[in-house]
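The block underneath contains the structure these notes are about, expressed in C-alpha cells.
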Amino acid sequence: MENDAKKQYRKIIHIDMDAFYASVEQRDHPEYRGKALVVGGLPEGRGGVVATASYEARKFGVRSAMPSKKALQLCPHAIFIRPRFAAYKEVSQKIREIFSRYTDLIEPLSLDEAYLDVTEDKLGVGSAIEIAKQIKQAIKDELQLTASAGVSVNKFVAKIASDINKPDGLTFIGPSQIESFMEKLPVEKFHGVGKVTADKMKRMGLHTGADLKQLSEEEMTAAFGKPGRFYYQIVRGIDDRPVQPHRETKSMGAEDTFAYDLTTLDEMHAELDKIAATVVTRLEKYNLKGRTITLKIKYHDFRQITRNQSFAIPVGDMDTITATAKQLLLATQPENMRIRLLGISLSNFGDLPVKTKQDEPSEQLRLDL
C-alpha cells in the first residue's frame, strides 16, 4: 500500500445482512426462532437448492447453493420453507433508507448487501467506523435484524472485512494493515476467485496472498488472463473502483427450478408460458423493453446452456417473448432431454448495436434469485 501520509483515502463501508432471508423469516415467525431453518427449494421430489440458511442450520454444514436434499442429509431436523421475495424486497428498501441518512453514494449488490462511500457523510459524523456502528444499530432497533460491516479504504478490502466476524460483526482494516492482511489471506478467500481458479492457484503452489505477490503482473495475466491484472493489484491493496450509486440495469428476467425434470415439449412450453408472464410483469413495472431475449436451460446433470436472439427494435410483449423462447428451446432439440431449470431474460435495453450471439455451454452452477 502506498505509504503516503498526505494521501486522501476514501472511506468505504460494505454492509452485509446476516443470513438475510432466514433472519427475516425468524423475525416474522417466532416458531422458527432458534431453529435450523433453510430457505429455498424443498427437498421433496428431485429437490431444489438452498437460498440461505439460519446460523443454527449452518452449524451442520448447510450452505447457500447446496442441493436441498444434501442439506436435509446434513441437518435432518431442519425446517424447509420457500422464499418470500416480496417481503425481503420490502425490508431491503427500509435498509436502503437507513443508508441514505448518511450518504447518497450507495451501490447495492443484492437485496442484502451494499457498498457505501462515506468519505463525505451527510450528518458530518466524520468516522466511517462510527457510521457503520450507527447503521448496524439502526437496523437492529428499527428492523430487528443484524448486519455485519467491513470498513476500509476500498471496496475489495471492505467486502472481505465484512465477512470476518459474522454475524453482527464490525471489522476495520486501515491503510497500514492492508498489505499484511492480504498477504495472509488464503487465495480462496479473495472475492472473485472461484473454486476452479483457487484450485489452479494451489496447483501452482499459490496458497496465500503472499504467494500471489511473488508473481509479476505479466506472469499473473499469462496464468489467469485479464483477471490476473486485478489479482496483481488487489494483493497490493490497490482498488480504485468507485462506489456506483446508479448501476445500470443490464438484464431482467425470471427462472424456475422444477420439482421434477421436464421430459416433454408440452411440459416445457407450459413452464415457459409461466416464466414469460413473470418477466413481462417485471418489465412493465420498470417500463423496460429489450432487444435481446435469452433462454437459459439447465439439464438434470447440471450442464447449463444459454441461447439468445436479438431484434432491431426493443420488445417486451408476452407473445414475442413466449414465441422466441419456445423457438430457442426447439433449436436445442429438447426431445428426450431431462430439463431441471428454465429461465428467460431480456437485455440490451439501451441504444446499442444489435448483435446476435449463441453462447457456448457452461458448466457453472449459479443460484439466481
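The values are calculated or read from the model by the stated rules, or taken from the named source; none is laboratory data. For clarity, every value in this text was computed on a predicted model and none was experimentally measured. Quick reminder, even Gly has a Cβ in these numbers, built from the backbone with ideal geometry, and neighbours come from all protein chains shown.
The table below lists the values:
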{"read-out": "Selection within the stretch 223-236 - more than 23 Å from the chain's Cα centre (by Cα) and buried (at least 20 other Cβ atoms within 10 Å of the Cβ)", "value": "Y232"}
{"read-out": "Qualifying positions in the stretch 205-219 - surrounded by 14 or more Cβ atoms within 10 Å (Cβ to Cβ) and not in a helix (DSSP H, G or I)", "value": "L206, H207, T208, K213, L215"}
{"read-out": "Number of positions in the stretch 28-46 that are touching a helix residue (DSSP H, G or I) at 6+ places or on another chain (Cβ under 9 Å) and free of Cβ contacts under 8 Å to residues at least 60 places away in the same chain", "value": "11"}
{"read-out": "Odd one out for F85, checked against (1) touching a helix residue (DSSP H, G or I) at 6+ places or on another chain (Cβ under 9 Å); (2) surrounded by 15 or more Cβ atoms within 10 Å (Cβ to Cβ); (3) in contact (Cβ under 8 Å) with a residue 40 or more places away in the chain; (4) of a type outside the set (D, E, K, R)", "value": "(2)"}
{"read-out": "Residues (closer than 19 Å to Y88 by Cα, of a type in the set (G, A, S) and surrounded by 20 or more Cβ atoms within 10 Å (Cβ to Cβ)) located in the stretch 132-159", "value": "A147, S148"}
{"read-out": "Any hit, the stretch 180-190, residues being at pLDDT 95 or above, under 19 Å from I234 (Cβ atoms) and of a type in the set (F, W, Y)", "value": "no"}
{"read-out": "Among residues of the stretch 280-311, those that are part of a loop (DSSP other than H, G, I, E, B), within 26 Å of Y260 (Cα to Cα) and without any contact (Cβ under 8 Å) to a residue 40 or more places away in the chain, counted", "value": "1"}
{"read-out": "Wholly enclosed helices (runs of 4 or more DSSP H) of the stretch 41-108 bearing at least 1 residues of a type in the set (S, T, N, Q) and under 19 Å from I139 (Cβ atoms)", "value": "85-99"}
{"read-out": "Hits in the stretch 220-239 - residues which are in a loop (DSSP other than H, G, I, E, B) and in contact with a Lys or Arg (Cβ under 9 Å, 6 or more places away or on another chain)", "value": "V235, R236, D239"}
{"read-out": "Looking only at the stretch 278-293, and only at residues there that are hydroxyl-bearing (S, T, Y) and modelled with pLDDT under 85, the one that is surrounded by the most Cβ atoms within 10 Å (Cβ to Cβ)", "value": "T281"}
